[in-house]
Amino acid sequence: MNIYKNLYVGDSLKGKEKTVLRNIKRKRPQLQAYVIVLSRKEGEQLEIYHTAMLLQPLYFREDPWIIGIAANEPEAYALVEEIAGEVYEATKTLEIKKYIQERI
């Protein structure tokens, strides 16, 4: 698992992100946490998963890039909207995946 150096954090988890990430790395369930990861699918930008999905061995084998964490699904969508806005302001495009990969 990889963590984006400029991790986006939802308001509900600010100050708790290190604990949440440590628990994810240790494969401990996080009942109220969602992650935003770079999609591995062609043509896709980002994916949102409940952290329980990361407990599956497949996700750790794929070594996902976590770029954001949020306390719930609506907050995760709001965070994606914030990321998209930031990318658009910087590049005048919505190529989020490319923008993030250039900063990894």
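The values are calculated or read from the model by the stated rules, or taken from the named source; none is laboratory data. Since we're looking at a predicted model, the values are computed, not measured. In this analysis, Cβ positions are derived from the backbone assuming ideal geometry, glycine residues included, and neighbour counts consider all displayed protein chains. Heavy atoms of the whole protein, side chains included, go into the accessibility calculation; ligands, DNA and RNA do not. Shrake-Rupley method; radii C 1.70, N 1.55, O 1.52, S 1.80 Å.
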Within segment 1-35, the count of residues that are touching a residue at least 24 places away in the same chain (Cβ under 8 Å), over 11 Å from the mean Cα position of the chain (by Cα) and within 15 Å of GLU75 (Cα to Cα) comes to 5
Only one of TYR77, TYR88 is surrounded by 13 or more Cβ atoms within 10 Å (Cβ to Cβ), free of Cβ contacts under 8 Å to residues at least 12 places away in the same chain and not in a strand (DSSP E or B), namely TYR88
Log entry, pairs with first residue in segment 36-57 being free of Cβ contacts under 8 Å to residues at least 24 places away in the same chain, second being in a helix (DSSP H, G or I), beta carbons closer than 7 Å, six or more apart or on different chains, reads MET53/TYR59
Scan segment 32-49 and tell me whether some residue there is open to solvent by 90 Å² or more (accessible area, probe 1.4 Å), in a loop (DSSP other than H, G, I, E, B), of a type in the set (Lys, Arg) and farther than 20 Å from ASN6 by Cα.
yes
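Can you name the residue in segment 1-24 that is open to solvent by less than 30 Å² (accessible area, probe 1.4 Å) and assigned to a strand (DSSP E or B) and is also nearest to LEU94 (Cα to Cα) among such residues?
Among those residues, the one meeting the criterion is TYR8.
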Test for LYS27: is it open to solvent by 70 Å² or more (accessible area, probe 1.4 Å), among the basic types (Lys, Arg) and part of a helix (DSSP H, G or I) = no
Check your understanding: Does any residue of segment 64-74 turn out to be assigned to a helix (DSSP H, G or I), in contact with a helix residue (DSSP H, G or I) (Cβ under 6 Å, 6 or more places away or on another chain) and more than 15 Å from ASN2 (Cα to Cα)?
Key -> no
The correct count of residues that are loosely packed, with under 15 Cβ neighbours inside 10 Å and at pLDDT below 85 in segment 53-74 is 8
